[in-house]
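Notes to accompany the following structure.
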Amino acid sequence: MLLKWDTDLLNQFSMSRKKDVYIILYPYTYRILDYFRSKQKLINRLCKMNHQNLDFIEVMHKTYHDYFVQVLPEPFYAALDDSTIEYYSLFMTNGVFSIIEKWFKANFEESIDDVIDKILVLLITNLSALYLEVESQAKKDRQDN
């Protein structure tokens, strides 16, 4: 239930103001990273496991990706084709989990705040680009009608 965010969260604010998005996403991101840090020993063991049936990072990535696709606001799906959403989703979730994986492999040395800052700056930049794409498509659709 770690990713049990308000599934309507991204509908509740405008993604055009990056600072607002950062402030809203910060507590969710903090909660996840704090949980990981609290399970540091277990995560270290899971990351070191070399078991063909369990790739811990891959399982986490898939879970996060699947959840991310679910929480994107409906206007994204109305304005963009599935392929565009999938590419953005892959790009963003791979980026986020690359940062987290690096943090794991560095034995959680960086502070949570530093990791959150890296994640959110990059994530919000891409969410904003996706938002602008939706806005552009909506404007084009209005002009066509």
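The values are calculated or read from the model by the stated rules, or taken from the named source; none is laboratory data. Everything quoted here is computed from the prediction, not taken from an experiment. Virtual Cβ from ideal backbone geometry, glycine too; neighbours counted across all protein chains shown. Surface areas here come from the heavy atoms of the whole protein model, side chains and all, with no ligands, DNA or RNA. Shrake-Rupley method; radii C 1.70, N 1.55, O 1.52, S 1.80 Å.
Has segment 112-129 got any residue that is over 15 Å from LEU33 (Cβ atoms) and among the small types (Gly, Ala, Ser)? Can you show your working first?
Let us first name the residues in segment 112-129 that are over 15 Å from LEU33 (Cβ atoms), namely 124-129.
Those still in the list that are among the small types (Gly, Ala, Ser) too: 128-129.
Yes, segment 112-129 contains a residue that is over 15 Å from LEU33 (Cβ atoms) and among the small types (Gly, Ala, Ser).
Would you mind telling me which numbered condition in (1) open to solvent by less than 70 Å² (accessible area, probe 1.4 Å); (2) in contact with a helix residue (DSSP H, G or I) (Cβ under 9 Å, 6 or more places away or on another chain) ASN107 fails?
(1)
Taking TYR67 as meeting all but one of (1) farther than 14 Å from ASN126 by Cβ; (2) surrounded by fewer than 16 Cβ atoms within 10 Å (Cβ to Cβ); (3) free of Cβ contacts under 8 Å to residues at least 24 places away in the same chain, write down the number of the exception.
For TYR67, the exception is condition (3).
Determine which single condition ILE43 fails, assuming it passes every other condition in (1) surrounded by 15 or more Cβ atoms within 10 Å (Cβ to Cβ); (2) modelled with pLDDT under 85; (3) hydrophobic (A, V, I, L, M, F, W, C).
Evaluating ILE43 over (1) surrounded by 15 or more Cβ atoms within 10 Å (Cβ to Cβ); (2) modelled with pLDDT under 85; (3) hydrophobic (A, V, I, L, M, F, W, C) leaves (2) as the failure.
How many residues, within segment 133-145, are in contact (Cβ under 8 Å) with a residue 24 or more places away in the chain, open to solvent by 70 Å² or more (accessible area, probe 1.4 Å) and of a type outside the set (D, E, K, R)?
The qualifying residues number 0.
For THR93, only one of the following conditions fails: (1) at pLDDT 90 or above; (2) within 18 Å of PHE36 (Cα to Cα). What is its number?
Result: THR93 fails condition (1) only.
Only residues that are farther than 19 Å from TYR26 by Cβ, in a loop (DSSP other than H, G, I, E, B) and touching a residue at least 40 places away in the same chain (Cβ under 8 Å): list them for segment 100-117, please.
Within segment 100-117, ASN107 is the sole residue that qualifies.
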